[in-house]
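A short write-up of the structure that comes next.
Please treat every number below as a calculation from the coordinates, not as lab data. Keep in mind that this is a model prediction, so the values were computed, not measured. Positions of Cβ are backbone-derived with ideal geometry, glycine not excepted, and every protein chain shown enters the neighbour counts.
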Amino acid sequence: MADKKLLLIDGNSVAFRAFYALYRQLESFKSPDGLHTNAIYAFKNMLDVLLKDVDPTHVLVAFDAGKVTFRTKMYGEYKGGRAKTPEELLEQMPYIQEMLHDLGIKTYELKNYEADDIIGTFAAKGEKAGFTTTIVTGDRDLTQLASDKTTVEVTKSGVSQLEAYTPEHMKEVNGVTPTEFIDMKALMGDNSDNYPGVEGIGPKTASNLIQEYGSVENLYDHIDEMKKSKRKERLIHDKDKAFLAKKLATIDRDSPVTLDIDDVKRQPVDYEKLRQFYEKMNFRKFLAELNASGAGQGSADVEKVEYTVLNDDNVKDVKATEKDTVEFYLEMLGANYHLAPFVGFSLKLNDKIYVSRDVELLEEDNIKHILEDEKIKKNVFDLKRTMVAAHRLGIHTHGLDYDMLLASYLINNENNSNDLGEIAHLYGDYSVKTDLEVYGKGKSEHVPDDDDELFNHLASKVNAIEKLKPELLKKLKEHEQDALFDTIEIPTARVLARMEMNGMKVEASTLLQLQNEFAIKLKELEDKIYSQAGEKFNLNSPKQLGHILFEKLGLPVIKKTKTGYSTSVEVLDQLKTQSPIVSEILDYRQIAKIQSTYVKGLLDVIQPDGRVHTRYLQTLTATGRLSSVDPNLQNIPTRTEEGKQIRKAFVPSEPDGYIFSCDYSQVELRVLAHVSGDQNMQEAFKTGYDIHSHTAMKIFHLDSPDQVTPLMRRHAKAVNFGIVYGISDYGLSKNLGISRKRAQEFIDNYFEQYPQIKDYMNKAVQEARAKGYAETIMHRRRYLPDIHAKKYTVRAFAERTAINSPIQGSAADIIKIAMINMQKKLDELHLKTKMVVQVHDELIFDVPKDELETIKKIVPKVMQSAVKLDVPLIADSGWGHNWYDAK
DNA sequence: CTCGTCACG
DNA sequence: ACGTACGTGACGAGT
């Protein structure tokens, strides 16, 4: 006999929270009939969690019956002035009730009473009958019901997090017992329910008074003994209000409900009706869960997967031939696969799944052979992660030629999840859970002790990789992305894995020396700034800095942020002339940034091998670029001299070796010249002009490059950049500090001189409107649903994106091809040189001394011939004994 | 965990 | 009359 457990839910308040938890998806959650369904969906999700955690025998969801209650009769203003419940939520309420009914859960409302009173009454009934009770609500009022038998769970930040109010927790939060909480409210009133208490008494004072006197009644019995004070006067003056507030705050625990506790016992689920309901609402996820559970068998557990647990004895039996295809998944806990602890693995072969926690089994000859033999093809999820992790076990993987993560990223990169479960769900496969569900997150992230739970998860992963492969490949084909997948992304993943594993050597001694130098400079600047400000403050706090500059020193406010004064470079630059403190703050900021992010930051991530091993995120950006984390090697300073010093710490692995750098010249503008077919711009590139000077000549109507002044070139350069970003007169004027009118003139002249660029921009927007996405030269897609938005700002943003994405994305395609060809060349020539870093349009190499001459010849050649465009691709090289000197 | 800020292409 | 440049990641402060 199960324990008697009662779950009481405040239906209105939880529905309200559910509605706002998915408010941003309001318009995407719609039934075929046009009904909003976000609150229904989120309510069900939350209910599932509760049913699982609480595992109740009895459940009741209470609703408010209407506006008029005994409280409004007592006090007309009760809950007055509240914002109306949105229509989009109201329309969902009956359906939530319908769903609960299908789920075998009782709902109840009672005329003249609030849901709170129904819950209070049932909680009392439950305590009497020996139930353990859990109350769920979004409203703190109900916490007065907490007792040793009754816990009140209050939703916080959305609906996923609950704060459990036990009497102990209540004491911690409010300093009083649950019953005393009513008295506290009597004194302080309740703003959200719109009734006052005693004027001038807030939560702190109320709590202290009740802790001293125990109750409102007792307080007023002893009010004469209180020494004369403003507070005493107010207490006496508002006595009636306090007693009224107490009545309003008290939940009726004996309301005339017509149900008994046995009436709220959980009933069997009506699967047929529930299925119809989910279909009506278009809840694919819940439908799939119904199907997976075999609908009607009672339990809603995720499908059981058959698997064999491998150990030292049976591991030898696993055999594969060249005809076999294998699914393989290697699990680690945490994102950083260079260091993350191993959890286990799963391997699917000939319809059998093998699992184990013991990753050393992978090093057994027969398994190792399967993973290393090029001819035995492996399907994985996250090729790069798998390859790097296997390498830690001494396994040199080959034949990994399908990656579910990469495929799903190419098909649609709107969702940038890296979770196998989440991605499977996108394709309607709910047989695999998310890592979040199995491992948790943050502090409570852990591997389940239960073997079956873990092995089921790992087994369901290889299953999903196999099951969804045909569908994903079909989609790639439909998108004309098979070549992008097979000849660019998969090979790029392999190249990146090698770059990451190799890492780049960073000299801690150089950084430590810089740290000392910067610390001295920072101290000097700090002292100067404090003396001018007349006080010490935290220079790193924009809030405190804003206070000093704009209130204490009275400098003019140029720009505000959501939270206060803006103190950005843009603002401070304009204030430089007003006070010498401003320039010093700018200097401080610049050095502090370098010190914290680069000097300290890099020192923290140098591994015992003296190198940093970044991770390139290949499935993150909207455009197809890579990003780099832990550490980010794509934003090492280069623009200021102090910042550049950081690059001196990046050195070749051999003391007399070289860092070799090669970057594309104007790759994005060349792509633009190519895709637009603009004759004038193509001509400029073909002739080998400096493109910015050429543009200056054109837009300023000059006859010869000699007439171009540095200022003109700077302006022209900004226009060129602006074009790539989807220009506006405003943006350009702000960037150059010129008038909007002047900026517009530049733009007009530009389009006059490069007419096909303008055609391209129009065409890019039109195409995105027609197809719903923008595309690169290699068919990489970016979906742009906002291109049809009603709001000008939202739509305009999508339009600029439609212009920029094919340019930025095609440039990303090009350098990926160059990297693949480059790695191939290094291998073919058996060079020891390593490719170590990619920064969007440049590649960095770690070169042994005797290979420098070869590298100088081949790297630019390979980069320049990566693709054939209508304009030449040019790459410039530099080298030196560290990254700083490789310019 | 979000914001402001600033490093890069 | 609107309100804007494109793509990223890391830090310290402050809630």
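Between the residues A:Val305, A:Tyr354, A:His425, the greatest Cα displacement towards the positive end of the dipole of chain A, with unit charges on the Cβ of Lys, Arg, Asp and Glu, is found for A:His425.
Pairs of alpha-carbon atoms within less than 8 angstrom and 6+ residues apart define the contacts here; what relative contact order does the stretch A:391-468 have, in percent? Present the calculation step by step, with values, prior to reporting the outcome.
Details: 46 pairs, mean separation 18.4, N = 78.
With pairs under 8 Å counted, the relative contact order is 24 percent.
From the square roots a ≥ b ≥ c of the eigenvalues of the alpha-carbon gyration tensor of the stretch A:167-224, which class results: rounded (a/c under 1.5), prolate (a/b over b/c), or oblate? Note, shape of the stretch A:167-224 comes out oblate. Could you tell me which of rounded, prolate or oblate describes the stretch A:620-755, using a ≥ b ≥ c as the square roots of the eigenvalues of the alpha-carbon gyration tensor, with rounded for a/c under 1.5 and, failing that, prolate when a/b is larger than b/c and oblate otherwise? Cα axes put the stretch A:620-755 in the prolate bin.
Loop-located trypsin sites (Lys or Arg not before Pro) in the stretch A:486-517 (DSSP state not H, G, I, E or B) with no more than 16 neighbouring Cβ atoms inside 10 Å do not occur. Its convex hull of Cα atoms gives the stretch A:267-424 a direction-averaged projected area, equal to a quarter of the hull surface, of 12.1 nm². The local environment of A:Ser661, defined by Cβ-Cβ distances under 12 Å, has a net charge of -3 under the rule Lys, Arg +1 and Asp, Glu -1. Remark: the stretch A:875-880, residue by residue, has Karplus-estimated 3J(HN,Hα) of 10, 9, 10, x, 8, x Hz, where x stands for each Gly or Pro and the curve is 6.51 cos²θ - 1.76 cosθ + 1.60 at θ = phi - 60°. Remark: relative contact order (the stretch A:667-726) = 30 percent; criterion is Cα-Cα distance under 8 angstrom and separation of 6 or more residues.
Order of A:Leu349, A:Leu259, A:Leu7 from fewest to most other C-beta atoms within 10 Å?
A:Leu259, A:Leu349, A:Leu7
Check each of the trypsin sites (Lys or Arg not before Pro) in the stretch A:363-413 and keep only those in coil by DSSP with at most 15 other C-beta atoms within 10 angstrom; list them in order. Sites meeting the loop and neighbour criteria: A:Lys375.
At q = 0.12, 0.17 Å⁻¹ the log10 of I(q)/I(0) for the stretch A:7-131 amounts to -0.51, -0.96, computed by Debye summation with a single uniform scatterer per C-alpha, solvent ignored. For A:Pro203, the shell of other residues with beta-carbons less than 12 Å away shows a net charge of +2, using +1 for Lys and Arg and -1 for Asp and Glu. Cross-link partners for A:Lys441 among the lysines, with Cα-Cα distance under 16 Å and sequence neighbours closer than 8 places in the same chain left out: A:Lys433. Within straight-line reach of A:Lys717, meaning a Cα separation under 12 Å, sit the following aspartates and glutamates at least 8 residues removed in sequence or on another chain: A:Asp690.
Of the cross-linked pairs A:Lys30/A:Lys285; A:Lys348/A:Lys377; A:Lys84/A:Lys280; A:Lys378/A:Lys469; A:Lys5/A:Lys443, those separated by over 23 Å at the C-alpha level are A:Lys84/A:Lys280; A:Lys5/A:Lys443.
Could you pull out the trypsin sites (Lys or Arg not before Pro) across the stretch A:775-816 that fall in loop regions by DSSP (anything but H, G, I, E, B) with no more than 10 other Cβ atoms inside 10 Å?
Listed in order of number, the matching sites are A:Lys790, A:Lys791.
Considering only beta bridges that DSSP places wholly inside the stretch A:237-384, some 70 percent are antiparallel.
In terms of distances greater than 27 angstrom between alpha carbons, the cross-link table entries A:Lys44/A:Lys790; A:Lys171/A:Lys241; A:Lys128/A:Lys171; A:Lys543/A:Lys576; A:Lys204/A:Lys228 yield A:Lys44/A:Lys790. In plain terms, the residue of A:Val61, A:Val871, A:Val14 with the fewest other Cβ atoms within 10 Å comes first and the most crowded comes last, giving A:Val871, A:Val14, A:Val61. By the equivalent-ellipsoid construction on the alpha carbon gyration tensor, the stretch A:700-761 comes out with semi-axes of 18, 16, 10 Å, ordered largest to smallest.
Taking a ≥ b ≥ c as the square roots of the eigenvalues of the Cα gyration tensor, the stretch A:431-508 is oblate, since a/c reaches 1.5 or more and a/b is not larger than b/c. For chain A, DSSP calls about 65 percent of its internal beta bridges antiparallel. Spatial offset of the stretch A:202-271 relative to the stretch A:336-361 amounts to 58 Å, using the alpha carbon center of each. Residues A:Ile9, A:Ile490, ranked from the fewest to the most other C-beta atoms within 10 Å, line up as A:Ile490, A:Ile9.
Computed from backbone phi with θ = phi - 60° and the Karplus coefficients 6.51, -1.76 and 1.60, the 3J(HN,Hα) list for the stretch A:359-371 is 6, 5, 4, 5, 7, 4, 3, 5, 5, 4, 4, 4, 6 Hz; x is used for glycine and proline.
Over 28 Å apart at the Cα level, from the set A:Lys52/A:Lys185; A:Lys73/A:Lys227; A:Lys323/A:Lys477; A:Lys316/A:Lys825, are A:Lys52/A:Lys185; A:Lys73/A:Lys227; A:Lys316/A:Lys825. Taking only the C-alpha atoms of chain A, Rg followed by Dmax gives 33.4, 98 Å.
Normalised by the residues of chain A, what does the relative contact order come to in percent, with Cα pairs under 8 Å and at least six apart? Computed over chain A, the figure is 9 percent. Here the Karplus relation 6.51 cos²θ - 1.76 cosθ + 1.60, evaluated at θ = phi - 60°, turns the backbone of the stretch A:766-783 into coupling constants of 4, 5, 4, 5, 6, 9, x, 8, 10, 9, 8, 4, 9, 6, 6, 9, 9, 6 Hz, with x for every Gly and Pro. Mind checking the angle between helix A:451-478 and chain A's longest principal axis? C-alpha axes, 0 to 90 degrees, to the nearest 10. The answer is roughly 50 degrees.
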